[in-house]
1. Contact list please: Cβ distance under 8 Å, first residue in region 180-206 and touching a residue at least 40 places away in the same chain (Cβ under 8 Å) and on the phi > 0 side of the Ramachandran plot, second residue surrounded by 15 or more Cβ atoms within 10 Å (Cβ to Cβ) and not hydrophobic (A, V, I, L, M, F, W, C), pairs at least six apart or on different chains.
2. In this structure, does Thr152 turn out to be under 22 Å from Ala202 (Cα atoms), surrounded by fewer than 23 Cβ atoms within 10 Å (Cβ to Cβ) and within 18 Å of the chain's Cα centre (by Cα)?
3. List pairs: first residue in region 152-178 and free of Cβ contacts under 8 Å to residues at least 40 places away in the same chain and over 21 Å from Ser113 (Cα atoms), second residue part of a helix (DSSP H, G or I) and of a type outside the set (A, V, I, L, M) anywhere in the structure, Cβ distance under 8 angstrom, at least six positions apart or on different chains.
4. From Ser85, Ser89, grab the single residue that is touching a strand residue (DSSP E or B) at 6+ places or on another chain (Cβ under 9 Å), within 23 Å of Arg181 (Cβ to Cβ) and not in a loop (DSSP other than H, G, I, E, B).
5. What single numbered condition from (1) of a type in the set (Gly, Ala, Ser); (2) surrounded by 15 or more Cβ atoms within 10 Å (Cβ to Cβ); (3) closer than 28 Å to Arg94 by Cα fails to hold for Ala172?
6. In contact with a Pro (Cβ under 7 Å, 6 or more places away or on another chain), modelled with pLDDT of 95 or more, acidic (Asp, Glu) and part of a strand (DSSP E or B), is that true of Glu134?
7. Given the criterion touching a Leu at 6+ places or on another chain (Cβ under 7 Å) and crowded, with 21+ Cβ neighbours inside 10 Å, identify the matching residue among Leu132, Leu144.
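The values are calculated or read from the model by the stated rules, or taken from the named source; none is laboratory data. What you see is a predicted model, and the numbers here were worked out from it, not measured in a lab. Methodologically, a virtual Cβ is constructed for each residue, glycine included, from the backbone with ideal geometry; neighbour enumeration extends over all protein chains shown.
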Amino acid sequence: MCGRFTLTVSPEELQAAFPNFSIPGDIPPSYNIAPNQPIPVIPNDGKKTLDFYLWGLIPSWTKPDQIGKYNLINARSETAAEKASFKNSVRRRRCLILADGFFEWSKSTPGGSKTPYYFTRKDHRPFAFAGLWEDWISPEGDSLKSACILTTSPNQTVKAIHNRMPVILNPADYHTWLDPREGKPEEFLHLLVPYPDELLEARPVSTYVNSPKNNSPLCIQAGTLL
């Protein structure tokens, strides 16, 4: 599961990391992005432009009185193509979700209390989660775009803390993942693999991040590297 992440780099740094995409110049840093908040998405609509969608996929067939009852923030990459909530998105609506770190919580402390860990690339450059998106249309014709993060089995770095991790795509696979045409799942699902251990690091951080109301550098206050 991935329930919190960050995007703290400047728009200029983000543009440099994603040179083939259009990045707005007014993205503020966010140190604690949580479900039901806007998240930075590049959809496979052919425009190659970053936009902000609601974090929590709303399938197109959702009834208006059911919005808010679902919390589809993650989809298991191994089964997404088979699930009613995700299978159409796997075929037609894939996206990048931009980030520079994510959090997981460990229960391995005395007394069973949860310790948050912050995972980043070792070079601290931003990256892209593999995501799915939907465009829900209300009876009045209003559009609500939403997205979720695909997860996979953990690499060794994450396994010490959690039994799942978000899929971080190889930049060489962005073009394939963002192909706007409808495709068969087997054309895409082989890209959804654990991120290489040698590129990822983790450190414990303050429980200040536990509250989604908190959004400051204190959320990623450094501890000892894992």
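1. Correct list of pairs: empty, since none qualify.
2. Working: under 22 Å from Ala202 (Cα atoms): yes; surrounded by fewer than 23 Cβ atoms within 10 Å (Cβ to Cβ): yes; within 18 Å of the chain's Cα centre (by Cα): yes.
So Thr152 passes the test.
3. Thr176/Glu187
4. Numbers: Ser85 fails: not in a loop (DSSP other than H, G, I, E, B).
Only one candidate passes the filter, namely Ser89.
5. (2)
6. Working: in contact with a Pro (Cβ under 7 Å, 6 or more places away or on another chain): yes; modelled with pLDDT of 95 or more: yes; acidic (Asp, Glu): yes; part of a strand (DSSP E or B): yes.
Against the criterion (in contact with a Pro (Cβ under 7 Å, 6 or more places away or on another chain), modelled with pLDDT of 95 or more, acidic (Asp, Glu) and part of a strand (DSSP E or B)), Glu134 qualifies.
7. Numbers: Leu144 fails: crowded, with 21+ Cβ neighbours inside 10 Å.
Only one candidate qualifies: Leu132.
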